[in-house]
1. Could you please find all residues in region 4-20 being in a strand (DSSP E or B) and without any contact (Cβ under 8 Å) to a residue 40 or more places away in the chain?
2. Pull up region 3-20, narrow it to residues that are loosely packed, with under 13 Cβ neighbours inside 10 Å and not hydrophobic (A, V, I, L, M, F, W, C), then point me to the one that is nearest to Arg51 (Cα to Cα).
3. Pick from region 1-20 the residues that are touching a His at 6+ places or on another chain (Cβ under 9 Å) and of a type in the set (Asp, Glu): which of them is modelled with the highest pLDDT?
Amino acid sequence: MVEAWVVIEGKLDVLISGAGLVKGEVGDVIQANSERWHHATCEPNAGSCTRLAMTPRLKEGQVHYMQLDAQGGN
């Protein structure tokens, strides 16, 4: 499934398989295409950030492809 984020506050970094590191600022929309692993965090040394995540549920059995942060992350 596709997942998208709207950057509400601060600066967001999203690592997306096949696309690399995508950077966003307030008002930007970042999208991870279907079946792409991704990991979203605040940009290092830029303070806090807030994002609105959108994940459609169009069919039964969809999987959320997120990469877990071994150190707890944000």
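1. Going residue by residue through region 4-20, those that are in a strand (DSSP E or B) are 4-9, 11-16, 20.
Passing the criteria: Lys11, Leu12, Asp13, Val14, Ile16, Gly20.
2. Checking each candidate, the answer is Gly20.
3. My answer is Asp13.
Let's see how each residue does on (1) surrounded by 10 or more Cβ atoms within 10 Å (Cβ to Cβ); (2) assigned to a loop (DSSP other than H, G, I, E, B); (3) modelled with pLDDT of 85 or more; (4) of a type in the set (S, T, N, Q):
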{"residue": "Val22", "(1), (2), (3), (4)": "yes, no, yes, no"}
{"residue": "Ile30", "(1), (2), (3), (4)": "yes, no, yes, no"}
{"residue": "Arg36", "(1), (2), (3), (4)": "yes, yes, yes, no"}
{"residue": "Thr41", "(1), (2), (3), (4)": "yes, no, yes, yes"}
{"residue": "Leu58", "(1), (2), (3), (4)": "no, yes, no, no"}
{"residue": "Gly61", "(1), (2), (3), (4)": "no, yes, no, no"}
{"residue": "Gly72", "(1), (2), (3), (4)": "no, yes, no, no"}
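The values are calculated or read from the model by the stated rules, or taken from the named source; none is laboratory data. Keep in mind it's a predicted model, so treat the numbers as computed, not measured. Neighbour counts are summed over all protein chains in view; Cβ atoms, including those assigned to glycine, are modelled from backbone coordinates with ideal geometry.
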